[in-house]
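A short write-up of the structure that comes next.
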Amino acid sequence: MERTAARRRGLLYGRRAGPALSAHQTALFETLLPRLKLSPQGGAPPKLYFDPVVADVWFEIGFGAGEHLLWQAHHHADIGIIGAEAYRAGVAKLLSKISMRVGELPLTNIRIHEGDAREVIDVLPDASLGRVFILFPDPWPKKRHHKRRFIQGATLDALARVMKYGAELRFATDDPGYTEWTLECFLAHPSFEWTAMCARDWQARPRDWPPTRYEQKALHGVPVLLRFRRRG
């Protein structure tokens, strides 16, 4: 059923499983993940997905190893952070990091969806997110694979629906081709505006945007940090 639905929608990712999980990671999927698993409540505001209820909700699409998500959760205890990751190995890494910091992190403000981020977007009510992060998604550099890129007109339509007016979307990539593609998509979309005022703005890092280990590798080029605002 899941594979059929994925084919019908169009896959935006490759294989999901990755390397075999360790015994410790398998145990975390059985014990810790159920406590943090996202459970949408029939069109209710996503603030209610958290206990206690949070002041706002942010959404990270493809959180990788979870470093950025954990930083945001730790530094914004009043914000609910939803993270979606299709790769099981990434979810395992995040769970492992959380398990090592149970005494430090407020687990009440983290929710995890193991799967396609679009499944989360589909069930969120209108104007319910205060911030969205899309950091170093797969660039699918070959032209025949561009249809798999997460940034597409239809995806921006869906994000525009669930983002509040004035909400910020942060995007990062180290692939020059994906940078050009992303700017073309956002600048053509009526619901978003690019906040950059000068060239340095897409290189300067806000204090609340920590680097990750993947970013420091800069596999394809100098990372570009783009910020867009949901138009009112």
Once normalised by the length of segment 2-230, the mean sequence separation of its alpha carbon contacts under 8 Å that are 6 or more apart gives a contact order in percent of 19 percent
Each label sits 7 Å from Cα toward the beta-carbon; between Glu180 and Ala154 the label points are separated, in nm, by 2.5 nm
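For the chain, what does -39500 (n - 2.57) per DSSP helix run (n ≥ 4), summed and divided by total residues, give at 222 nm, in deg cm²/dmol to the nearest 500?
Details: 9 runs with 77 residues, N = 232.
For the chain, the value works out to -9000 deg cm²/dmol.
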Here the percent of antiparallel bridges among DSSP beta bridges lying wholly in the chain, to the nearest 5, is 30 percent
Between the modelled labels at Ala127 and Leu48 (7 Å from Cα along Cα→Cβ) the distance in nm is 1.8 nm
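What area, in nm² and to one decimal, does the C-alpha convex hull of segment 101-229 cast on average over all directions?
Working: hull surface 37.3 nm².
The Cα convex hull of segment 101-229, projected and averaged over all directions, gives 9.3 nm².
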In whole Hz, the Karplus estimates of ³J(HN,Hα) for segment 126-131 (6.51, -1.76, 1.60; θ = phi - 60°; x where Gly or Pro) are 4, 6, 10, 10, x, 7
Any aspartates and glutamates whose Cα falls less than 20 Å from that of Lys37, other than same-chain ones fewer than 8 residues away, would be Glu2, Asp51, Asp56, Glu60, Glu67, Asp78, Glu85, Glu104, Glu114, Asp116, Glu119, Asp122
Largest-first semi-axes in Å of the equivalent ellipsoid built from the Cα gyration tensor of the chain are 26, 21, 19
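Beyond a 27 Å Cα-Cα separation, which of these cross-linked pairs lie in this structure: Lys93/Lys164; Lys97/Lys147; Lys164/Lys217; Lys93/Lys217; Lys47/Lys93? Can you show the working numbers first?
Values: Lys93/Lys164 31 Å; Lys97/Lys147 33 Å; Lys164/Lys217 33 Å; Lys93/Lys217 18 Å; Lys47/Lys93 25 Å.
From Lys93/Lys164; Lys97/Lys147; Lys164/Lys217; Lys93/Lys217; Lys47/Lys93, over 27 Å: Lys93/Lys164; Lys97/Lys147; Lys164/Lys217.
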If the chain between Glu30 and Arg200 were fully extended at 0.36 nm per residue, the gain over the current Cα-Cα distance would be 56.7 nm
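Only the coordinates and a few stated rules stand behind these numbers; no lab work does. Everything numeric here is computed off the predicted structure, so don't read it as measured data. Ideal geometry is used to build each Cβ from the backbone, glycine not excepted, and the neighbour counts take in all protein chains shown.
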